[in-house]
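Here's the structure, in structure tokens; my notes come after.
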Amino acid sequence: MSTKGIEPAEAKKANDAARKAGGGQNGRSGTTYAGESLAEQDIQNQDLTHNFRVSGNKSRIVHPSLDGEKLVVVDGKGQSMEIAGLPLDQDLMFDPDGRKLAFLKLIIDVNPIETGIGLADVTQRGAKPKTLYRTKNMLRGLEWSPSGEALYFLEGEELANGEQLWYLKRVGVDGVGAIVVAKSYTFIDFFMPPVSRFENSQGASKKPYRVLYGSSEGLYVVNPDGRGKERITEVAASGVDNLEWNPNPDEDMILVTYKIPRISAEKLYQGVMLFRREKKGWKAEQLYEDFDVHTLWWSPNGRYACFGTLGAVYVHDLKEKDPSKAMTRIVVPPAEQPEKPEDGSAPLPPPPRHIRGFYWGKKSDQMVIAAGNCIFMWRPDAKEDEENPVLIHEEGDPYQTFLGDCYIMDNGRIVYTAYSDNEYVPPQPAEKPGQGD
């Protein structure tokens with residue numbers, strides 16, 4: 001796995017040239033340029049690759065060092081530094097301004113061992129991480145508030161009678177105490193403040209917000225101080241696979257995927273559901289019924305609700321009043337059929353272009369899509385006669401390379417992860433009955 005970048009000027013040049021080509025070879029003019037690697041490295045321990053992180057304001061990335069013992073922080077100017085003392089097997093969470101990393105940690109210098117929340121300043125070389133919170137109980141999950149002034153987490157406490165009590169808590173970055181936002185005697189499956197307000201380079205937001213959490217009793221929203229608890233639905237949260245708040249502070253909307261069908265009050269909750277708060281309470285609308293969705297996303301302005309499968313990216317326009325025109329299905333152009341080998345053997349089938357990631361630009365005017373070994377760019381305002389999406393970059397052998405996460409950084413550079421050295425096995429014909437030895 002490697003992390004690479006496409007320079008903004010070259011990406012724009014490739015985009016413009018491809019649009020002018022109007023139907024050449026996949027719309028390309030041959031001017032794409034990958035640029036030097038932003039943080040290119042091969043990581044043998046695939047357990048560490050999940051800790052490649054991009055800050056919400058797209059000013060920094062972090063990734064494990066080659067020896068797997070430290071984290072490397074790279075800023076937008078390409079300057080890098082290593083940070084020791086961070087757990088590489090835990091999720092690392094950037095604050096909205098891309099200056100701090102929060103993480104869960106084990107505190108082993110006490111008996112019994114404790115768990116805690118650590119905080120590292122990634123702008124100061126040599127700065128040591130500090131502990132914000134510690135407890136003998138078990139901690140799960142970690143998310144920033146939209147303002148970057150607090151962190152949310154789950155804490156499980158075993159009571160004297162053997163029952164388990166779960167808390168949703170909030171602690172300030174100053175580490176002064178922690179308050180209980182919600183508690184439940186049933187397992188809390190997940191929680192989510194509206195981190196989408198800063199994940200697309202919008203920066204920290206101090207506007208009012210609520211926190212979503214789910215248990216077997218349903219989905220709830222609650223104010224940061226624990227007041228104003230409201231149940232969205234009584235459908236058990238165990239069927240939820242992913243969720244994203246609308247980043248627009250003026251809209252109470254949540255995009256949710258259900259991988260396990262749930263039924264409540266004769267309503268089916270399956271596939272992609274859009275929850276929105278209206279005058280009479282919360283209303284659920286199904287946008288997609290299948291179970292093959294791997295990514296949920298919103299445009300930074302909150303206008304477009306998006307989700308991706310291996311075959312397409314779906315964009316639902318909330319401003320479109322005609323329901324039949326609200327949903328756009330984005331499909332990337334297929335790869336070309338390879339030429340027939342000179343030895344007369346059958347040619348390989350075209351390499352697949354499975355979509356594994358997509359990302360919006362901060363102005364909500366363009367989207368990059370990682371499909372197969374390619375990066376495409378799609379624009380919601382493209383004219384009908386324009387090629388859309390446009391191929392802007394190819395990486396490596398299409399049969400042995402695929403691209404994963406992709407981001408548009410604050411300097412316009414496109415950063416993506418590339419996985420290579422994958423053994424390609426073409427489809428094999430089924431054995432005919434009775435033809436064996």
| query | the stretch 60-89: which trypsin sites (Lys or Arg not before Pro) are DSSP loop and have at most 11 other beta-carbon atoms within 10 angstrom? | reply | Lys77
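Between rounded, prolate and oblate, where does the stretch 247-289 land on the alpha carbon gyration tensor, with a ≥ b ≥ c its root eigenvalues, rounded for a/c under 1.5, else prolate if a/b exceeds b/c? Intermediate values should be presented prior to the final figure.
Details: a/c = 3.11, a/b = 1.51, b/c = 2.06.
Taking the square roots of the gyration eigenvalues as a ≥ b ≥ c, the stretch 247-289 is oblate.
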| note | Residue span Asn137 to Glu342: 0.36 nm per residue of separation minus Cα-Cα distance leaves a gain in nm of 67.2 nm
| lysines whose Cα lies under 23 Å from that of Lys169, excluding same-chain neighbours fewer than 8 positions away | Lys100, Lys105, Lys130, Lys136, Lys183, Lys206, Lys207, Lys229
| message | Going by amide H atoms built from the backbone, whose H comes under 5 Å of the H on His393, apart from near neighbours? | response | Ile375
| the stretch 283-383 shape via C-alpha gyration tensor axes, a/c threshold 1.5 | prolate
| Karplus 3J(HN,Hα) series, Hz, for the stretch 256-262 with 6.51 cos²θ - 1.76 cosθ + 1.60 (x for Gly, Pro) | 9, 10, 10, 8, 10, x, 10
| field | Between the stretch 71-148 and the stretch 352-394, the alpha-carbon center distance in angstrom | value | 33
| remark: So for the stretch 213-309, using the alpha carbon gyration tensor with a ≥ b ≥ c as root eigenvalues (a/c under 1.5 gives rounded; past that, a/b versus b/c decides prolate or oblate), I'd call it oblate
| said: Just to check I understand the Karplus step: with θ = phi - 60° and J = 6.51 cos²θ - 1.76 cosθ + 1.60, what whole-Hz values come out for the stretch 376-384, glycine and proline as x? | reply: 10, 10, 10, 10, x, 9, 5, 6, 4
| For the stretch 177-185, 3J(HN,Hα) per residue [Karplus equation, 6.51 cos²θ - 1.76 cosθ + 1.60, θ = phi - 60°, Hz, x = Gly/Pro] | x, 9, 10, 8, 8, 7, 9, 8, 7
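Here, each number is a calculation from the coordinates, and none is a lab measurement. Nothing here was measured: the structure is a model prediction, and the numbers come from that model. FYI the Cβ positions are ideal-geometry reconstructions off the backbone, even for glycines, and counts take in every protein chain you see.
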